[in-house]
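Engineer: I'd like to ask you about the structure that follows.
The values are calculated or read from the model by the stated rules, or taken from the named source; none is laboratory data. Just so you know, these numbers come straight off a predicted model, no measurement behind them. For neighbour counting, all protein chains shown are included, and Cβ atoms are generated from backbone atoms with ideal geometry for every residue, glycine included.
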Amino acid sequence: MAQRNMDSKKTAMPEQDAKKRAANFEEVALGYTEDMAKNEAMRCLQCKNQPCVAGCPVNVQIPDFIKLIGEGKYVEAYDKIRETNGLPAVCGRVCPQETQCEERCVRGIKGEPVGIGRLERFCSDYAIAKGAKPTECASATGKKAAVIGSGPAGLTCAADLAKAGVDVTVFEAFHIPGGVLVYGIPEFRLPKALVQKEIDALKAMGVKIETDMVMGRVLTIDELKEMGYDTIFIGTGAGLPSFMHIPGENYNGVYSANEFLTRINLMKGYKFPEYDTPVRRHKNLAVIGGGNVAMDSARCAKRLGADNVYIVYRRSEAEMPARNEEIEHAKEEGIVFSFLVSPTAILGNSDGYVTGMTLQKMELGEPDSSGRRRPVPIEGSEYDIELDAVVVAIGQSPNPLLRKATPGLKAQSWGGIIADEQTGATSIEGVYAGGDAVSGAATVILAMGAGKTAAKAMLEYMDKK
Ligand code: FAD
Ligand code: SF4
Ligand code: SF4
């Protein structure tokens with residue numbers, strides 16, 4: 001084995017030039033070469049107590065897969081990750097590693113942690129390009145399961161059930177499966193072809209995917225039971241956008257981030273007229289919010305050709321929930337950040353179109369229940385800016401449709417389905433739930449973990465039935 005690499009910094013990953021990429025939808029980060037991956041793998045100390053593994057919500061055996069990369073066994077490294085994580089090419093790209101596995105890495109004490117996500121991405125891309133071997137499934141058990149929603153929670157649950165020999169059908173409301181991986185996270189962070197490959201792998205395992213099926217409207221949970229499904233998983237995500245309820249939110253040119261991103265990502269608005277749904281190219285656009293969704297919206301707007309894109313956030317940069325990498329990338333691409341300001345009204349003309357926004361300056365007060373310092377308005381500090389579009393990215397909550405169509409399905413006052421943490425079991429026998437539909441907007445890997453937990457419990461439930 002080559003010598004340990006004691007460089008305090010991660011091996012740099014090549015990226016598209018900021019100016020060039022701000023005008024295209026191609027992937028920003030270009031991934032490691034074999035030499036770069038081996039170099040980074042040699043930074044891992046192979047710690048006996050494996051603190052990094054405890055930081056991963058699905059316990060990927062991190063030192064083991066990194067050791068395999070160091071030995072040039074890339075496909076084996078991919079297989080090792082796949083033992084606990086069904087979507088490593090996705091997680092290597094979008095997991096918030098800095099607050100999960102990499103946060104616990106001992107190399108991070110005196111320098112940068114090992115680039116665990118970058119290595120996960122490298123061996124996944126390598127193995128997928130080589131044609132990763134199909135997952136073997138147990139022989140058919142004769143049991144049937146329905147999975148509602150095809151985001152990371154639903155896909156993971158479906159994969160684990162199919163692996164165990166269950167006949168699985170996934171019902172998805174949209175015309176394309178993948179959930180937020182397809183309609184939310186933009187192409188330049190997560191290429192859709194990759195997600196499609198994961199979905200193809202699921203189909204190869206015998207999972208049936210029915211699209212354009214808005215469950216609760218087309219079919220109810222009771223009807224699924226009557227159709228012979230032994231157990232049902234609800235992974236319907238958190239797709240209901242929140243608004244600010246300020247004057248002017250009904251003007252033309254005000255979007256929820258969900259609608260804006262869906263038009264761009266799922267309906268490929270930027271390829272109009274090649275694709276059906278046009279997206280207006282705005283000149284001056286403001287995105288309200290400071291999370292990943294806000295960064296994605298702003299960076300998409302820039303790529304659509306907007307002259308000026310502003311992020312409007314009511315706290316300071318230190319409190320921003322978006323990943324540091326996304327904030328840095330957004331800045332490099334020319335997005336302008338306005339901190340400590342909050343909109344009080346959206347302005348419009350007599351034709352009903354957005355013309356601007358009134359902003360009020362804020363200062364930080366005492367910490368609130370989230371532990372972050374509360375923004376306090378400064379009296380008399382309002383000022384106007386000129387805009388022709390506003391994207392509201394201040395949060396999403398679980399979609400109420402299926403919940404409302406399912407009597408007896410208990411939920412929190414804010415809409416999250418109530419499900420047992422250890423099993424995902426809901427208030428209805430045989431019905432399980434997980435992902436954002438239960439937790440509210442969270443992360444891909446947590447949704448996958450919830451899908452896995454529920455699949456295990458569903459298998460046990462079917463065994464006892
Ligand atoms: P979803 O991915 O939302 O999937 C739910 C699926 O259910 C959807 O396909 C939906 O159409 C379908 N559905 C809903 N209702 C019905 C119904 N009645 N019948 C049938 N189907 C239905 N997380 C990260 O870890 N890293 C990131 O970088 C990151 N960036 C993000 C960027 C954006 C723009 C957004 C919106 C989210 C981001 N997240 C990120 C969060 C992450 O994507 C979610 O936490 C995760 O996708 C939740 O998975 P899920 O399976 O629970 O739900
Ligand atoms: Fe880290 Fe996410 Fe991979 Fe776990 S799945 S090791 S948290 S990148
Ligand atoms: Fe390697 Fe860091 Fe994990 Fe130690 S904590 S095994 S150095 S990745």
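Engineer: Exactly one of (1) outside the structural domain of LYS410 (by TED's automatic domain parsing); (2) surrounded by fewer than 15 Cβ atoms within 10 Å (Cβ to Cβ); (3) touching a residue at least 24 places away in the same chain (Cβ under 8 Å) is unmet by GLY228. Its number?
Structural biologist: The number of the failed condition is (1).
Engineer: Output the qualifying pairs, or none if there are none: Cβ atoms under 7 angstrom, residues six or more apart or on different chains, first residue in region 145-167 and at positive phi, second residue surrounded by fewer than 24 Cβ atoms within 10 Å (Cβ to Cβ) and β-branched (Val, Ile, Thr).
Structural biologist: Cβ pairs passing all conditions: GLY165/THR141.
Engineer: Inspect region 295-312 for any residue being over 18 Å from the mean Cα position of the chain (by Cα), of a type in the set (A, V, I, L, M) and part of a helix (DSSP H, G or I) and give the result as yes or no. Walk me through how you get there before you give the answer.
Structural biologist: Pass one, region 295-312, residues over 18 Å from the mean Cα position of the chain (by Cα): 301-312.
Adding the requirement that they be of a type in the set (A, V, I, L, M) leaves 301, 304, 306, 309, 311-312.
In the following step, the residues that additionally are part of a helix (DSSP H, G or I) were identified as 301.
Yes, region 295-312 contains a residue that is over 18 Å from the mean Cα position of the chain (by Cα), of a type in the set (A, V, I, L, M) and part of a helix (DSSP H, G or I).
Engineer: Going by what's in this entry, would GLU226 be described as modelled with pLDDT of 95 or more and charged (D, E, K, R)? Can you show your working first?
Structural biologist: Working: modelled with pLDDT of 95 or more: yes; charged (D, E, K, R): yes.
Yes.
Engineer: Quickly run through region 406-430 and pick out the residues that are closer than 20 Å to VAL170 by Cα, out of contact with any Phe, Trp or Tyr (no Cβ under 8 Å at 6 or more places or on another chain) and either part of a strand (DSSP E or B) or of a type in the set (Gly, Ala, Ser) (or both).
Structural biologist: Across region 406-430, the qualifying residue is only ILE417.
Rundown of residues vs (1) over 30 Å from ALA193 (Cβ atoms); (2) assigned by TED's automatic domain parsing to the domain that holds LEU446; (3) more than 16 Å from ligand 3 (Cβ to nearest atom), yes/no style:
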| residue | (1), (2), (3) |
| --- | --- |
| LEU30 | no, no, yes |
| ALA37 | no, no, no |
| GLN50 | yes, no, no |
| PRO57 | no, no, no |
| PRO63 | yes, no, no |
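Engineer: Go through region 327-398 and tell me which strands (runs of 3 or more DSSP E), entirely inside it, have 1 or more residues that are in contact with a Gly (Cβ under 6 Å, 6 or more places away or on another chain). Let's see the steps before the verdict.
Structural biologist: Details: elements: 336-339, 341-348, 354-367, 373-377, 383-386, 389-392.
Answer list for region 327-398: 341-348, 354-367, 373-377, 383-386, 389-392.
Engineer: Taking the condition more than 25 Å from PHE243 (Cβ to Cβ), at pLDDT 95 or above, outside any strand (DSSP E or B) and hydrophobic (A, V, I, L, M, F, W, C), does ILE445 pass?
Structural biologist: Details: more than 25 Å from PHE243 (Cβ to Cβ): yes; at pLDDT 95 or above: no; outside any strand (DSSP E or B): yes; hydrophobic (A, V, I, L, M, F, W, C): yes.
Spelling it out, it is not the case that ILE445 is more than 25 Å from PHE243 (Cβ to Cβ), at pLDDT 95 or above, outside any strand (DSSP E or B) and hydrophobic (A, V, I, L, M, F, W, C).
Engineer: In addition: Please specify each residue of region 271-294 satisfying the condition of being farther than 25 Å from GLU98 by Cβ and not in a loop (DSSP other than H, G, I, E, B). Reasoning before the result, please.
Structural biologist: First pass over region 271-294, keeping only residues farther than 25 Å from GLU98 by Cβ: 271-286.
Passing the criteria: LYS271, ASN284, LEU285, ALA286.
Engineer: Would region 173-192 turn up any residue that is more than 16 Å from ligand 1 (Cβ to nearest atom) and either more than 30 Å from ARG43 (Cβ to Cβ) or touching a Pro at 6+ places or on another chain (Cβ under 7 Å) (or both)? Show your work before the answer.
Structural biologist: At the first step, the residues of region 173-192 found to be more than 16 Å from ligand 1 (Cβ to nearest atom) are none.
Scanning region 173-192, I find no residue that is more than 16 Å from ligand 1 (Cβ to nearest atom) and either more than 30 Å from ARG43 (Cβ to Cβ) or touching a Pro at 6+ places or on another chain (Cβ under 7 Å) (or both), so the answer is no.
Engineer: I'd like the full set of residues that are over 16 Å from GLY92 (Cβ atoms), in a helix (DSSP H, G or I) and within 16 Å of ligand 2 (Cβ to nearest atom), limited to region 24-52. Even if it seems obvious, please write down each step before you answer.
Structural biologist: Taking region 24-52 as the starting set, the residues that turn out to be over 16 Å from GLY92 (Cβ atoms) are 24-26, 35, 38-39, 42-43, 45-51.
Checking the rest, the ones that are also in a helix (DSSP H, G or I) come to 35, 38-39, 51.
Answer for region 24-52, where residues must be over 16 Å from GLY92 (Cβ atoms), in a helix (DSSP H, G or I) and within 16 Å of ligand 2 (Cβ to nearest atom): just PRO51.
Engineer: Any idea which of LYS80, LYS67, LYS48, LYS38 is without any contact (Cβ under 8 Å) to a residue 40 or more places away in the chain and closer than 25 Å to ALA159 by Cβ? Full working, then the answer.
Structural biologist: Details: LYS67 fails: closer than 25 Å to ALA159 by Cβ; LYS48 fails: closer than 25 Å to ALA159 by Cβ; LYS38 fails: closer than 25 Å to ALA159 by Cβ.
Checking each option against the conditions leaves just LYS80.
Engineer: Looking at CYS157, CYS123, CYS137, CYS105, which one is within 27 Å of ILE66 (Cβ to Cβ), of a type outside the set (A, V, I, L, M) and either in contact with a Cys (Cβ under 9 Å, 6 or more places away or on another chain) or more than 16 Å from ligand 3 (Cβ to nearest atom) (or both)? Don't jump to the end; show me each part of the working.
Structural biologist: Working: CYS157 fails: within 27 Å of ILE66 (Cβ to Cβ); CYS123 fails: either in contact with a Cys (Cβ under 9 Å, 6 or more places away or on another chain) or more than 16 Å from ligand 3 (Cβ to nearest atom) (or both); CYS137 fails: within 27 Å of ILE66 (Cβ to Cβ).
Criteria check complete, one pass: CYS105.
Engineer: Sort out which residues of region 278-299 are touching a Leu at 6+ places or on another chain (Cβ under 8 Å), surrounded by 24 or more Cβ atoms within 10 Å (Cβ to Cβ) and within 15 Å of VAL354 (Cα to Cα), and write them in order of number.
Structural biologist: LEU285, ALA286
Engineer: Before we move on, is VAL180 more than 16 Å from ligand 3 (Cβ to nearest atom), surrounded by fewer than 21 Cβ atoms within 10 Å (Cβ to Cβ) and closer than 27 Å to GLY395 by Cα?
Structural biologist: On the way: more than 16 Å from ligand 3 (Cβ to nearest atom): yes; surrounded by fewer than 21 Cβ atoms within 10 Å (Cβ to Cβ): no; closer than 27 Å to GLY395 by Cα: yes.
Considered against the rule, which asks whether it is more than 16 Å from ligand 3 (Cβ to nearest atom), surrounded by fewer than 21 Cβ atoms within 10 Å (Cβ to Cβ) and closer than 27 Å to GLY395 by Cα, VAL180 comes out as no.
Engineer: Here are some residues: ASP384, ASP368, ASP388, ASP436. Which one is free of Cβ contacts under 8 Å to residues at least 24 places away in the same chain, away from ligand 3 (no atom under 16 Å from the Cβ) and within 28 Å of ALA298 (Cα to Cα)? Break it down into steps so the answer makes sense when it comes.
Structural biologist: On the way: ASP384 fails: free of Cβ contacts under 8 Å to residues at least 24 places away in the same chain; ASP388 fails: free of Cβ contacts under 8 Å to residues at least 24 places away in the same chain; ASP436 fails: free of Cβ contacts under 8 Å to residues at least 24 places away in the same chain.
Every option except ASP368 fails the conditions.
Engineer: Could you grab me the full set of residues in region 229-239 that are at pLDDT 95 or above and either within 24 Å of SER397 (Cβ to Cβ) or within 27 Å of the chain's Cα centre (by Cα) (or both)? Walk me through it before giving the result.
Structural biologist: In the first step, residues of region 229-239 are kept if they are at pLDDT 95 or above; the result is 229-238.
Matches in region 229-239: THR231, ILE232, PHE233, ILE234, GLY235, THR236, GLY237, ALA238.
Engineer: Just need a number here: residues in region 60-105 that are aliphatic (A, V, I, L, M) and part of a loop (DSSP other than H, G, I, E, B). Outline the logic, then answer.
Structural biologist: To start, the set of residues in region 60-105 that are aliphatic (A, V, I, L, M) comprises 60, 62, 66, 68-69, 75, 77, 81, 87, 89-90, 94.
Then drop every residue that is not part of a loop (DSSP other than H, G, I, E, B), which leaves 60, 87.
Final tally of qualifying residues: 2.
Engineer: How many residues does region 209-225 contain that are surrounded by 15 or more Cβ atoms within 10 Å (Cβ to Cβ) and charged (D, E, K, R)?
Structural biologist: Residues that pass the stated criteria total 2.
Engineer: Among the candidates GLU102, GLU112, GLU136, GLU120, which residue alone is within 16 Å of ligand 2 (Cβ to nearest atom), outside the structural domain of LYS456 (by TED's automatic domain parsing) and surrounded by fewer than 24 Cβ atoms within 10 Å (Cβ to Cβ)?
Structural biologist: Values: GLU102 fails: surrounded by fewer than 24 Cβ atoms within 10 Å (Cβ to Cβ); GLU136 fails: within 16 Å of ligand 2 (Cβ to nearest atom); GLU120 fails: surrounded by fewer than 24 Cβ atoms within 10 Å (Cβ to Cβ).
Of GLU102, GLU112, GLU136, GLU120, the one residue that is within 16 Å of ligand 2 (Cβ to nearest atom), outside the structural domain of LYS456 (by TED's automatic domain parsing) and surrounded by fewer than 24 Cβ atoms within 10 Å (Cβ to Cβ) is GLU112.
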